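These notes are about the structure you will find just below.
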Amino acid sequence: MNNHAKYIDNYEKSLSLMILSCLNDLELQIGKKKAVAILQGSESNYIFKNDFNKNPLYGLLQNYNSKQINDIIERLIDLELIESKNLDYEFYSKVLELTSKGIEAIRTGKIESPKITNI
């Protein structure tokens with residue numbers, strides 16, 4: 001692996017771990033749209049009402065569009081680091097939840113090459 005490939009791999013791993021950490025730090029379970037809004041730094045009432053703007057990773061991906069963030073989250077689901085759970089609540093039909101593999105990735109700081117930059 002050349003230096004460029006190593007840097008890209010490290011970037012992808014760091015970005016993935018930051019997204020996992022962001023979800024892990026939330027006190028409420030949220031769906032993908034809300035996760036995207038937090039990561040983009042949305043200033044909606046919902047974000048402030050639930051103090052999501054106080055998450056250390058709030059706005060981390062402000063330079064990414066919604067589709068890019070959605071694609072990264074989907075890739076993390078494919079890698080079995082996050083799962084999308086069905087709920088029967090009024091507000092959400094699905095919420096994101098870390099898997100044991102995702103929690104372990106945060107704990108150890110290690111993650112397989114996620115390959116998320118060329119999605």
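Give me the accessible area per residue for the chain, probe 1.4 Å, as a whole number in Å². Walk me through the intermediate numbers first.
Values: 7620 Å² over 119 residues.
Solvent-accessible surface per residue comes out at 64 Å².
Listed by chain and number, the lysines whose alpha-carbon sits under 19 Å from that of LYS49, ignoring those within fewer than 8 places in the same chain, are LYS32, LYS33, LYS34.
Convex hull of alpha carbon positions in the chain: directionally averaged projected area 7.6 nm². Computed from phi, the 3J(HN,Hα) profile of the range 49-55 under the Karplus parametrisation 6.51, -1.76, 1.60 (θ = phi - 60°) reads 4, 9, 6, 5, 5, 8, 5 Hz, with x in place of Gly and Pro.
Using a 1.4 angstrom probe on heavy atoms only, work out the carbon and sulfur share of the accessible area of the range 4-119 in %. Write down the numbers at each step before the final one.
Working: 3460 of 7290 Å².
So the carbon and sulfur contribution to the accessible surface is 47 percent.
Here the label points at GLU83 and LYS33, each 7 Å from Cα along the C-beta direction, are separated by 2.4 nm in the simple model. The gain in end-to-end length when the TYR11 to ASN53 segment is fully stretched comes to 12.8 nm, 0.36 nm per residue minus the alpha carbon separation. Between SER113 and ASN45, the contour length at 0.36 nm per residue exceeds the Cα-Cα span by 20.9 nm.
If r is the Cβ-Cβ distance from GLU104 to GLN68 and R0 is 25 Å, what FRET efficiency results, to the nearest 0.05? The computed FRET efficiency comes out at 0.45.
When the alpha carbon coordinates of the range 1-48 are projected onto the principal axes, the ranges are 45, 19, 14 Å, largest first.
The values are calculated or read from the model by the stated rules, or taken from the named source; none is laboratory data. Everything numeric in this text was worked out from a predicted model, so none of it was measured. Cβ sites come from the backbone with ideal geometry, for glycine too, and all protein chains shown count toward neighbours. We work out accessible area using only protein heavy atoms, side chains counted, and drop any ligands, DNA or RNA first. Shrake-Rupley method; radii C 1.70, N 1.55, O 1.52, S 1.80 Å.
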